[in-house]
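The values are calculated or read from the model by the stated rules, or taken from the named source; none is laboratory data. In this text, all values refer to a predicted model and were calculated from it rather than measured experimentally. Heads up, the Cβs are rebuilt from the backbone with ideal geometry, glycines too, and the neighbour counts pull from every protein chain shown. Heavy atoms of the whole protein, side chains included, go into the accessibility calculation; ligands, DNA and RNA do not. Shrake-Rupley method; radii C 1.70, N 1.55, O 1.52, S 1.80 Å.
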Amino acid sequence: MSVTSPRRAAGLRRAARETVSGLPREFWWLWTSTLVNRLGAFVATFMALYLTLDRGYSASYAGLVASLHGLGGVVSSLGGGVMADRLGRRPTLLIAQASTALSVALLGFVRDPVSIAGVAFLVGMASNASRPAVQAMMADIVRPEDRVRAFSLNYWAINLGFAVSSMAAGFIAEFSYLAGFLIEAAMTMACAIVVFLKLPESRPGGDGGESGREAGAEASVGLVTVLRDRRFMSVVGLSFLVAVVFQQGSVGLPVAMGRAGFTPADYGLAVAVNGILIVALQIPVTRLIEHRDPKRLLVVSSLLAGYGFGLTAFAGSVGVFALTVCVWTLGEMINAPTQTGLVVRLSPVHGRGRYQGVYTLSWSLAALVAPLMSGAVIDRLGAQWLWGMCAVVGTAAAVGYGALMRSLPQEDDRPYLDGQGGQDGDKGLAGAGAVDRAVADARPSADTRPSAEAGTT
């Protein structure tokens, strides 16, 4: 025991160092911004309680506000992607985060129901606009072989921040709902300050000095280009199916457990396993998957998601519900970084923002569709049918990934902006001139080159 324990401790320290080493300074500032942002994400947690308990509105009105918040995210998924490519990653992040801070603060002061609904839409739109820019910037500054690890670490930060903010939201709400709005606004503005002070622009040719050929490449990658990219849009469709399944953890599962006689505390205990596992195991899981075939990973994650929820049909106790959560959470940990890395792999260099925006749209749409679908199925057919449908959808997504990804374009380092992090991760961007030199030869590969006839949205 005395010999084994130090060895295990040394092994864990070595694994931790290998997980975080080699990533550039800019990534860690972006990661810090993500963590701070999620630590302050109180409004989404207590919005329904605020509207029903503090303001005295009906549950139907609270649901309408939540839907409008989600609709704002759908709109900004595309808008944020276009902005990230046209204006740049850094300006898009600054605009999105500053707008989020202002709109969240305003939401704490408005009282009229129409005004609350309108501002909630603005909050959803502003807060979601930064996602394509964050993902595109990570692809810009991280080496191709490190991208799955980088996306996984970012996903870990999101879940860690959400877990902490969810717990803090309850205590803050007991003191003052307005305090929650203002704290979130302040922390989001802090993220904007981090971006302003620490993150240079990473967009290829971002200072406007690109050659005519580079300008033509950028102009040719419009939303029409993305929509005509059949393989990528097929990936987006499969992502939507998987996202609808994962959404059942927050929309179908609590309703089904309530119908079965379980209390909200029972649901909270079961679903808490999701956050605990992600925080505890995301980094070890990343070490297992980062250099493996993405096709197999996406097939496996789709099956874990589908059958994880499918097994819920046989759950009769909180412990069994928690075990099913373990199954689909493992699928979630595999799917999230692998899927985001695949989107980068299929995206042309000058269209990363738009491609990430359309990919983000699949999750935003799932957040709108899943509540409607789960409610209708449970009301008309019963929860058993919902879990059976999850298994079928997960299987269909797995088959789709297996068929679609038989020949992927080879990943190389052309989309990566060189000079941003050697083995020790201590090299930063060398400025706009260095960026231009780094992307002088950056061209979309033959498999991902945009069509010359595409639009320029």
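Of the residues in the range 254-275, how many are over 18 Å from the mean Cα position of the chain (by Cα) and without any contact (Cβ under 8 Å) to a residue 60 or more places away in the chain?
Summing the residues that are over 18 Å from the mean Cα position of the chain (by Cα) and without any contact (Cβ under 8 Å) to a residue 60 or more places away in the chain in the range 254-275 gives 15.
Just give me the residues in the range 162-171 being in contact (Cβ under 8 Å) with a residue 40 or more places away in the chain and surrounded by fewer than 20 Cβ atoms within 10 Å (Cβ to Cβ), in sequence order.
Phe162, Ala163, Val164, Ser166, Ala168, Gly170
Count, please, the residues in the range 256-286 that happen to be open to solvent by 40 Å² or more (accessible area, probe 1.4 Å) and among the hydroxyl-bearing types (Ser, Thr, Tyr).
Final tally of qualifying residues: 2.
Just name the residue that is farthest from the chain's Cα centre (by Cα) out of those in the range 82-111 that are open to solvent by less than 10 Å² (accessible area, probe 1.4 Å) and of a type in the set (A, V, I, L, M).
For the range 82-111, the residue satisfying everything is Leu107.
Residues are listed down the side, and each one gets a yes or a no for (1) out of contact with any helix residue (DSSP H, G or I) (no Cβ under 7 Å at 6 or more places or on another chain); (2) of a type in the set (Lys, Arg); (3) open to solvent by less than 10 Å² (accessible area, probe 1.4 Å):
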{"position": "Leu288", "(1), (2), (3)": "yes, no, no"}
{"position": "Ser302", "(1), (2), (3)": "no, no, yes"}
{"position": "Leu311", "(1), (2), (3)": "no, no, no"}
{"position": "Ala336", "(1), (2), (3)": "no, no, no"}
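Tell me whether the range 383-396 contains one or more residues that are open to solvent by 20 Å² or more (accessible area, probe 1.4 Å), at pLDDT 85 or above, part of a helix (DSSP H, G or I) and within 22 Å of Leu71 (Cβ to Cβ).
No: the range 383-396 contains no residue that is open to solvent by 20 Å² or more (accessible area, probe 1.4 Å), at pLDDT 85 or above, part of a helix (DSSP H, G or I) and within 22 Å of Leu71 (Cβ to Cβ).
Against the condition open to solvent by 10 Å² or more (accessible area, probe 1.4 Å) and either modelled with pLDDT of 90 or more or in a loop (DSSP other than H, G, I, E, B) (or both), how does Val114 come out, does it pass?
yes
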